Amino acid sequence: MSYRFHKASYNLGDRELTPEERVVVGTRPEIKEARRVAKHLGLHPYHPEHIIRHTDWQDGEYLPTFLTAKCLKDPDFARFKPNYFDAQGKPQWGFGLRGKVVYIVHTFSSNYDPQSLDMRVFEIADTAKYNGAEAVVLLAYTLDHSAQERGVHDIEHERMRTDAAREKADGQAPISRTMLKLCTTSGIDAIVVPDNHCPDDTRALCAEVNNEYAPMSEHAKELGLAMRYRTDFVHIDLAPMLGAFIARYGASYLGFDISDGGKNVMFMSPDLGAAPRVKAIRARSGLVNSAFAVMSKTKDVHGNIETLRLVETENLPGNDIEGKCVFIPDDAIRSGGTMKANTAILRGKSDDGKTVRDESLKGTPAKVVVYATRTNFAGISRDMLAADVIDYIVITNSDPRGLRDLGKLDQKTFQIWINFLMADAARCVERGDDPNKVLTPEYMEEEDLIKIEVPHGNNILKDRTNGRHGIF
């Protein structure tokens, strides 16, 4: 109802904004990711903490409050002052965010469950639009429920074509669609996500939700309102970043032999589904002589791996992996058990003494490095991944709980900070550009977008370029 007061003067894609037109907030106080995004977007790094108050009442309820009214007393908030007076110079309230685009930095936390943080996102977005925000962009380092992208009625979905699959999902719903509906109705105009679990499915669901709310969106458009009832899904492909990481720092950080065009490097997909993504990482590395393979496992009736073989190999004569430096990327690590089992078998080892490699697979790799865009190292995963069959682990801060819960993995885990990458993606959204066409390896290196945190106490890991330690 009150949204009718807020007319839009800017639409995402019109132009790149000035820092004064941006507002960056997190879902709770003291989020590093929000501070770093704010700084890269031209704001003070503590802007997120100064512009919003997160109130947790004693009964457990949450209330976000934008502190734009500080402009009436505090000169540091002067850019909001014109919003507090109408055309006749009379005081007015509820327009503090007029002319601003609000970025909500959404990350997981050890102190709140994901569903609680989701609700905070929706409440902050709705509050922003209620107070006149031109647009709201969700920078979702992890989009909750993105793996629940299909239901029993989606019979054309590749994971819903069997009776067994439909029986397993009976009584459930594609909660990813529910999440997108809540984003749309709370006023979120765009969602930016790095390495989403099912980007094509999420994009299709987003289009479906937009179609459902099209009548409301058309009506809002006719009135020129800032509340649009339409959400765009923007997926950030991290393949260029990972390819560049291996090519530029595989030697100095991971001990990879990348000589001769990566002749001794192998990019390995953990399963058939991840093969296109791993091929993209290999291509963006520029290591033209590197090898590629897909892990294929046969399992017994209990789901235990019996045999490991390599399929869809490229540039791997005789399936000989002797001396290879192997990089195994995945979008997520949960228990770590599968990754440990895979790498153990790859190295000719087995915990149970029964699981074996296919006899066509020859040799033993020199190094094995695993990667996950997001993990919180929960449960037994730290014990699983600490196994000596895995030399190093590479993660991003898409789930910041991971770095805070390393435990015994602190000697072998690299973390790639993607905050500035997310901020530059936000700039692309402002201009209407495709971030995946802008965020090339060359652009990321030129703009110094990626920060790498090296394992504690590992003295051999030194960046030898320009004297910058741990920065890509």
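Determine which lysines satisfy two conditions relative to residue 81: a Cα distance under 17 Å, and not lying fewer than 8 residues away in the same chain.
70, 73, 90, 100
Taking every DSSP beta bridge that has both residues in the stretch 2-236, what percent is antiparallel when rounded to the nearest 5?
Rounded to the nearest five, the antiparallel share is 30 percent.
Loop-only GluC sites (Glu not before Pro) in the stretch 98-165, please: DSSP not H, G, I, E or B, and at most 16 other Cβ atoms within 10 Å.
Answer in residue order: 156, 158.
Cα convex hull of the chain: how many Å³ per residue?
Details: hull volume 80.1 nm³, N = 472.
Given the Cα convex hull of the chain, per-residue volume reads 170 Å³.
I want to check the label-to-label distance for residue 16 and residue 453. Put each point 7 Å from Cα in the C-beta direction and report it in nm to one decimal.
The two pseudo-label positions are separated by 2.9 nm.
If each residue of separation counts as 0.36 nm, what is the full-extension length gain between residue 69 and residue 44 once their alpha-carbon separation is subtracted?
Value of the extension gain: 7.2 nm.
If you put +1 on each Lys and Arg Cβ and -1 on each Asp and Glu Cβ, how big is the dipole of the stretch 2-236 around its Cα centre, in Debye rounded to 20? All intermediate terms of the calculation are to be shown ahead of the outcome.
On the way: 30 positive and 35 negative charges, 207 e Å.
Value, rounded to 20: 1000 debye.
For residue 26, what residues show an amide H to amide H distance below 5 Å, using hydrogens built from the backbone and excluding near sequence neighbours?
105
Using the Karplus equation 6.51 cos²θ - 1.76 cosθ + 1.60 (θ = phi - 60°), what ³J(HN,Hα) coupling, rounded to whole Hz, does each residue of the stretch 267-281 give in order, writing x for Gly and Pro?
So the J values, rounded to whole Hz, are 9, 10, 8, x, 6, 5, x, 8, 4, x, 5, 5, 4, 5, 4.
When a/c is below 1.5 the answer is rounded, else prolate if a/b is larger than b/c, else oblate, so apply that to the stretch 109-208 with a ≥ b ≥ c taken from the square roots of the Cα gyration tensor eigenvalues.
It comes out prolate by the Cα gyration axes.
Could you rank the peptides 100-108, 201-209 by their average count of other C-beta atoms within 10 Å per residue, with the highest value first?
Highest mean packing first, the order is 100-108, 201-209.
Assuming a ≥ b ≥ c are the square roots of the Cα gyration tensor eigenvalues, decide whether the stretch 1-41 counts as rounded (a/c under 1.5), prolate (otherwise, with a/b larger than b/c) or oblate.
oblate
Mind checking the stretch 258-350 for chymotrypsin sites (Phe, Trp or Tyr not before Pro) that DSSP puts in a loop (not H, G, I, E or B) and that have at most 15 other Cβ atoms within 10 Å?
none
Which residues' amide hydrogens lie under 5 Å from the amide hydrogen of residue 269, considering only partners 5 or more residues apart or on another chain, with H built in the peptide plane?
For residue 269, whose amide H was placed from the backbone, the distant partners under 5 Å are 293, 294, 295.
Would you list, by chain and number, the aspartates and glutamates whose Cα falls below 18 Å from the Cα of residue 168, excluding same-chain residues fewer than 8 positions away?
Reachable aspartates and glutamates: 149, 154, 156, 158.
Could you run the Karplus curve 6.51 cos²θ - 1.76 cosθ + 1.60 with θ = phi - 60° over the stretch 40-57 and give me ³J(HN,Hα) per residue in whole Hz, x for Gly and Pro?
Calculated HN-Hα couplings, in order: 5, 8, x, 9, 5, x, 9, 3, x, 7, 8, 9, 9, 10, 9, 9, 9, 5 Hz.
Counting only DSSP beta bridges with both residues in the chain, tell me the antiparallel percent, nearest 5.
Roughly 30 percent of the DSSP beta bridges within the chain come out antiparallel.
For the chain, what is the mean residue ellipticity at 222 nm derived from helices alone (per DSSP H run of n ≥ 4: -39500 (n - 2.57); sum divided by total residues; nearest 500 deg cm²/dmol)?
Counting only the DSSP helices, I get -9000 deg cm²/dmol.
Along the Cα-to-C-beta direction of residue 200, a point sits 7 Å from the Cα; which residues of the stretch 111-154 have their amide N less than 17 Å from that point?
It comes to 147-151, 154, nothing else.
Could you run the Karplus curve 6.51 cos²θ - 1.76 cosθ + 1.60 with θ = phi - 60° over the stretch 134-147 and give me ³J(HN,Hα) per residue in whole Hz, x for Gly and Pro?
Computed from phi, the couplings for the stretch 134-147 are 5, 7, 10, 10, 9, 8, 9, 4, 9, 9, 4, 6, 5, 8 Hz.
Where does the charge balance sit around residue 196 when Lys and Arg score +1, Asp and Glu -1, over other residues with C-beta under 12 Å from its C-beta?
-4
In whole angstrom, note down how far apart the Cα centers of the stretch 106-161 and the stretch 5-48 are.
A separation of 19 Å, based on Cα centres.
With the crude spin-label approximation of a point 7 Å out along Cα→Cβ, what separation in nm comes out for residue 322 versus residue 110?
Going from the residue 322 label point to the residue 110 one covers 4.6 nm.
What percent does the relative contact order of the chain come to when contacts are Cα pairs within less than 8 Å and at least six residues apart?
13 percent
Can you spot the lysines whose alpha carbon is less than 22 Å from residue 367's alpha carbon? Ignore those fewer than 8 places along the same chain.
263, 279, 297, 324, 340, 349, 408, 412, 462
For an R0 of 45 angstrom, estimate the FRET efficiency from the Cβ-Cβ distance between residue 387 and residue 163 and round to the nearest 0.05. Walk me through the intermediate numbers first.
Numbers: r = 38 Å, r/R0 = 0.84.
In this case the efficiency is close to 0.75.
Taking the Cα centre of the stretch 2-236 as the origin and placing charges on Cβ (Lys, Arg +1; Asp, Glu -1), which of 83, 227, 63 is farthest toward the positive end of the dipole?
Among 83, 227, 63, the one farthest towards the positive end of the dipole of the stretch 2-236 is 83.
A short reminder: the numbers here are calculations on the coordinates, not readings from a lab. From a predicted model like this one, the values you see are computed outputs, not experimental measurements. Cβ sites come from the backbone with ideal geometry, for glycine too, and all protein chains shown count toward neighbours.
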